[in-house]
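Notes for the one structure printed next.
What follows draws every value from the coordinates through simple rules; no lab data is involved. What you see is a predicted model, and the numbers here were worked out from it, not measured in a lab. Cβ: placed from backbone, ideal geometry, glycine included. Neighbour counts: every protein chain shown.
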């Protein structure tokens, strides 16, 4: 069964500090990993996906198959990054998307 | 493109009543997903449908809950004989055809918040 673990429910950093949101997954096969974000009073939306290998809003995430991790990182956090972040995994096309419990990131001024 | 539309945004029901939540996917999307978010918890998968077909309902409670996505009209999540524990935010998402890279990206609605008195 596919499973996603986000060990931190709450994460607080100061503006300009590096931030890392942890995500570990379990899935047998070749999963696709995503990070979704929900800003205050907005809809949940895609932030980035591992196959794109891109940086969005300064965030990057590298898939580490050996450690089954997909941690989200940003070298210098900004106040507008404060939001709820969900890591998610999906197997082959046609299968469901499973979310972690989410991490509430707060970036303090 | 109006995106994924969910209604009602807020629904109040008394114990024992029925709740119906509707979801219209994005234009061109043929797959719909329902998730539930209980207070202080993450998103829990409930069901995944395409038109006239349930693909995966492994997250649906065995009783009182049902979902459909008819050929015409929105997808409907139906909860019969609601109890207080059903109070939650119910999110719908849609995606294009279930195959290919784009299929794995979900577009979410704003959610429907159900309160059971």
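For the residues A:77, A:17, A:61, a GNM of chain A with alpha-carbon springs under 10 Å puts the largest fluctuation on A:17. Springs between alpha-carbon atoms under 10 Å, Gaussian network over chain A: tell me which of A:89, A:13, A:37 tops the mean-square fluctuations. Among A:89, A:13, A:37, the largest mean-square fluctuation in the Gaussian network model of chain A belongs to A:13.
In a fully extended conformation the segment linking residue A:67 and residue A:17 would gain 15.5 nm over its present Cα-Cα distance, using 0.36 nm per residue. In this simple spin-label model, placing a label point 7 Å from the Cα along the Cα-to-Cβ direction at both residue B:52 and residue B:78 gives a separation of 1.8 nm.
PRE reach from residue B:2 (point 7 Å along Cα→Cβ): which of the stretch B:23-50 fall under 16 Å by backbone N? It comes to B:23-29, nothing else. A simple spin-label model places the labels of residue B:87 and residue B:10 1.4 nm from each other, with each point 7 Å out along Cα-to-Cβ.
Between B:16, B:42, B:59, the Gaussian network model of chain B with springs among Cα atoms under 10 angstrom shows the greatest mean-square fluctuation at B:42.
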